[in-house]
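Just so you know, all these numbers are worked out from the coordinates, no wet-lab data involved. Treat the numbers as computed from the prediction; the structure is a model and nothing was measured. Virtual Cβ from ideal backbone geometry, glycine too; neighbours counted across all protein chains shown.
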Amino acid sequence: MIKTALSRKNTLEEFDTNFLIDVYAKGPARVKEAINGLNCDELCVFPFQDKWSIKEIVFHLTESELFGSIRFRQTITKADSEFPYYDQDIWTKRLKYQQRGMYELEDALDIFTLLRKTNTRLLNSLDEEQWLQTGIHPEKGIMNLRQLLELYADHSERHIDQILARRRLFGRTLELPEILPKRLY
């Protein structure tokens with residue numbers, strides 16, 4: 001039996017779709033702002049056991065956005081298609097996010113920015129019917145396009161919160177205004 005995210009408890013349905021697209025679009029600039037001024041040591045520190053460094057978070061956001069791009073397009077072009085799965089922790093370790101250089105980090109941020117920009121244009125072009133189209137997330141079950149937008153808008157904001165928490169731990173506090181007042185989880 002396939003589970004469904006269509007009736008989940010935590011949603012962002014009280015927010016207008018255009019508002020969520022705006023939050024989604026601002027993600028890369030906010031990530032760049034959140035890491036601005038940090039040196040390599042600060043980007044690479046593991047402040048919590050079994051949790052990612054800031055550097056790993058940034059690479060994860062980029063890799064996740066690759067999947068998000070595919071999932072948006074699958075939902076639009078083929079109803080109820082199964083989304084590809086990836087294990088984020090395995091990707092982080094085997095793709096050696098922590099060992100990658102600063103130039104690669106800059107490239108990852110550029111890719112993240114370009115993917116979000118391209119996806120934002122796509123999302124802004126959709127009609128009401130397309131927002132209701134569904135696909136099957138490997139962990140969350142059936143999701144419509146609007147719910148995918150909620151997931152990815154929340155995703156970058158959640159990781160920005162993590163980056164800011166890590167900054168506070170090593171005395172580099174940065175206050176960024178909250179633009180999404182609720183989290184999915």
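ILE136 - would you say it is under 20 Å from SER69 (Cβ atoms) and not in a helix (DSSP H, G or I)? If you could, list the steps in order and put the result at the bottom.
Numbers: under 20 Å from SER69 (Cβ atoms): yes; not in a helix (DSSP H, G or I): yes.
Yes.
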Check your understanding: When you look at SER81, is it over 19 Å from GLU56 (Cβ atoms), of a type outside the set (D, E, K, R), surrounded by fewer than 19 Cβ atoms within 10 Å (Cβ to Cβ) and without any contact (Cβ under 8 Å) to a residue 40 or more places away in the chain, yes or no?
Key -> no
Check your understanding: Which condition does GLN49 not pass, out of (1) out of contact with any helix residue (DSSP H, G or I) (no Cβ under 6 Å at 6 or more places or on another chain); (2) surrounded by 12 or more Cβ atoms within 10 Å (Cβ to Cβ), if it passes all the others?
Key -> (2)
Review point. Which residues, counting only those in region 92-128, are touching a helix residue (DSSP H, G or I) at 6+ places or on another chain (Cβ under 6 Å) and among the aromatic types (Phe, Trp, Tyr)?
Key: TYR97, PHE112
Check your understanding: Of all the helices (runs of 4 or more DSSP H) wholly in region 1-111, which have at least 3 residues that are under 28 Å from LEU122 (Cβ atoms)?
Key -> 17-35, 54-77, 88-94
Revision key, fill the gap. Inside region 96-129, the number of residues satisfying the requirement of being over 16 Å from LEU20 (Cα atoms) and over 18 Å from the mean Cα position of the chain (by Cα) is 9
